[in-house]
Amino acid sequence: MVYAHNKQVRVAVLDDHPMVRTVFELCLKHEPDIQLVGAWASSNELFNQLKSTVVDVLVLDFLLGERELDGLALVKQLRNHYPQQKILISSSMESPAIIKMVLSAGVKGFIGKSHNMPEIVHAIRQVALGRLFLSKEVAYEVENLYVMSEDALDTSLETCSKGNIYERVKTLSPREMEVVRCFLDGLSVSQIAVKFKRSRKTVSGQKQSALKKLGLRSDSELFKYSQDLLSGY
């Protein structure tokens, strides 16, 4: 069935894996309402091409290669330069906490790389129409991510007020703050270890030390106060 749309949806893809870009090129050419206007491998190439290429929906891989601007930092920079740009995240990292963060940053949809191409095409069309897209499973997980009892919520707010967070961030060492920033950008402990050429054990220890200094008990609480943490440093 041909999708009813007044014009072709101009789609661009950013992914550092050549095979992923090739799959998009092969599959999207069979969609009469979609035009692939770019398939790029790096964030530098992305920003250079966006200067002269009109894109309706940008399909963005959340994690790119080493020394690449990616994750939440890339989303924020795109939103600063192109606030009207519709972004669909396609990623193998389907953490509800990360998904909630990128949605808060202005992303219009998220679909895991475990989904097949027809599902991704459907997500592109929904985002092109200005609709928020999440798979049913992801939507449920995100909605229930921070469900707490009233008592637990009161305790959390009492012990982790913005003022307290601002002061506690200042107690972190530079390396602990690096780990926190990367973790909030969606990198795993193993990926952070590779990025900074440290052992996984060292990075894990720095993350746990940071949580203790901040008075936080879990990764979910860390993500919950992410904006306060980063703005307070």
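The values are calculated or read from the model by the stated rules, or taken from the named source; none is laboratory data. Not measured: the values here are computed from a predicted model. In this analysis, Cβ positions are derived from the backbone assuming ideal geometry, glycine residues included, and neighbour counts consider all displayed protein chains.
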Inset, instruction - Of all residues in segment 101-123, count the ones that are crowded, with 17+ Cβ neighbours inside 10 Å, over 11 Å from the mean Cα position of the chain (by Cα) and part of a helix (DSSP H, G or I). - result: 3
Legend entry - Complete set of residues in segment 19-32 that are surrounded by fewer than 17 Cβ atoms within 10 Å (Cβ to Cβ) and in a loop (DSSP other than H, G, I, E, B): LYS29, HIS30, PRO32
Inset, instruction - Given the conditions (1) of a type outside the set (Lys, Arg); (2) closer than 20 Å to ALA193 by Cβ; (3) touching an Asp or Glu at 6+ places or on another chain (Cβ under 8 Å), report the number of the one that SER95 does not fulfil. - result: (3)
Legend entry - Residue that is surrounded by the fewest Cβ atoms within 10 Å (Cβ to Cβ) [pool: residues in segment 33-46 that are of a type outside the set (A, V, I, L, M, F, W, C) and part of a strand (DSSP E or B)]: GLN35
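Filter segment 47-100 for residues that are part of a loop (DSSP other than H, G, I, E, B) and in contact with a Ser or Thr (Cβ under 6 Å, 6 or more places away or on another chain); which is modelled with the highest pLDDT? It would help to see each step written out before you state the result.
So in segment 47-100, the residues part of a loop (DSSP other than H, G, I, E, B) come out as 51-56, 62-70, 82-85, 92-95.
Next cut, in contact with a Ser or Thr (Cβ under 6 Å, 6 or more places away or on another chain) only: 62, 68-69.
On the way: PHE62: 83, GLU68: 76, LEU69: 77.
Going through the qualifying residues, I end up with PHE62.
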Inset, instruction - Within segment 189-210, track down each residue that is over 10 Å from ARG175 (Cβ atoms), under 22 Å from the mean Cα position of the chain (by Cα) and not charged (D, E, K, R). - result: VAL189, SER190, GLN191, ILE192, ALA193, VAL194, SER204
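With segment 158-199 as the region, which helices (runs of 4 or more DSSP H) entirely inside it contain at least 1 residues that are at pLDDT below 85, of a type in the set (S, T, N, Q) and within 21 Å of ALA73 (Cα to Cα)?
Working: elements: 162-169, 174-184, 189-196.
Correct list: 189-196.
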Inset, instruction - Starting from segment 96-117, keep only residues that are under 14 Å from VAL59 (Cα atoms), then list their pairs with residues that are surrounded by fewer than 21 Cβ atoms within 10 Å (Cβ to Cβ) and of a type in the set (S, T, N, Q) whose Cβ atoms are within a distance under 6 Å, requiring at least 6 positions of separation or different chains. - result: LYS113/SER92
